[in-house]
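Here's the structure we're looking at; comments come further down.
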Amino acid sequence: MALRRVIVAGIFLLITCFSINNGFAADVKIGVMNVQKIIVACDAGKEAKVRFEQKMKDLQNTFKEEENALKELQDEIKKKSSAWSEEKKAEKIRVFKKNGRELQAKTKDASFEMKQLQDKELEPILKALEKVVEKFGLDNGYSTIMDSKSGVIYFDKKVDISDAIIQKLNEAMAGK
C-alpha cells in the first residue's frame, strides 16, 4: 500500500512538473475524492451494508446458541465434577474441548465467509465507481482525480468531488 502511495505521488509530481515546465499549469485541474465515503454513502453501498449486517447477525445468532451450550457444559463440569467418576469427568472434559475447537473452527470459517461476502458486495460498486470517475474526470476536464485516503496530505475542500461522484454512482447503479 505504501508503494502505491509513492507511485501515485510520483505520477502526480511528474504531471505537475511537466505541466509547469510547458506553461500549461493553468490547465491542470485536480479533484480529490474519498473512496471510503463514496462506498458507504452511495445507495448500492448502503444496500450492501444492510445485507452484510444481516448475515453477520444471523451468524452471531447461530454461534450464540453454541456458545451458550458450551458455557452450560463448562458450568456442569465445574459443579458436578467432584461427584463424577474419573471416566465421566474425562469424557465431559473431552466433549467440552471438542465442542470448543469446533466452535472456534466455525467462527474462523464464518470470518472467511464474511470477508468473501464483503468482497462480493464491493466488487460491482468498485467497478462502477471506476467507470464513473473516469467519465466524470473526462466530462469535467480533470487532469487528475485522487483518493484523499491514499497519500493526499492536504487538499482544499473545494476540490473534493466525493458528493458529485456519489450522485453519479447512484445514477450509474440505479438499475443493477
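What follows is calculated from the coordinates using simple rules that are stated; it is not laboratory data. Bear in mind that the values here come from a model prediction, so they are computed numbers and not experimental data. With ideal geometry, Cβ positions are generated from the backbone for all residues, glycine too; neighbour counts draw on all protein chains shown.
Approximating the spin labels as points 7 Å out from Cα along Cα→Cβ, the Leu126-to-Arg94 distance works out to 4.7 nm. Full extension of the segment from Lys64 to Ala83, taken as 0.36 nm per residue of separation minus the current Cα-Cα distance, would add 3.9 nm. Across segment 93-99, coupling constants 3J(HN,Hα) worked out from phi with the 6.51/-1.76/1.60 Karplus curve, θ = phi - 60°, read 5, 4, 4, 4, 5, 4, 5 Hz, and Gly and Pro carry x. Of all lysines in the structure, those lying under 27 Å Cα to Cα from Lys55, and not within fewer than 8 positions of it along the same chain, are Lys37, Lys46, Lys64, Lys71, Lys98, Lys106, Lys108, Lys115, Lys120, Lys127, Lys176. Proximity of backbone amide H atoms, modeled 1.01 Å from N, is registered between Met33 and Met146, Asp147, Ser148, Ile161 at under 5 Å, excluding neighbours fewer than 5 places apart on the same chain. Here the calculated FRET efficiency for Glu76 and Leu103, from their Cβ-Cβ distance with R0 = 25 Å, stands at 0.90, rounded to the nearest 0.05. Once the convex hull of all Cα atoms in segment 77-176 is built, its volume per residue stands at 195 Å³.
Segment 69-116 and segment 117-176 have Cα centres separated by 48 Å.
For Lys49 and Lys135, FRET efficiency with R0 = 30 Å and r from the beta-carbon atoms, rounded to 0.05?
Computed FRET efficiency for Lys135 and Lys49 comes out at 0.75.
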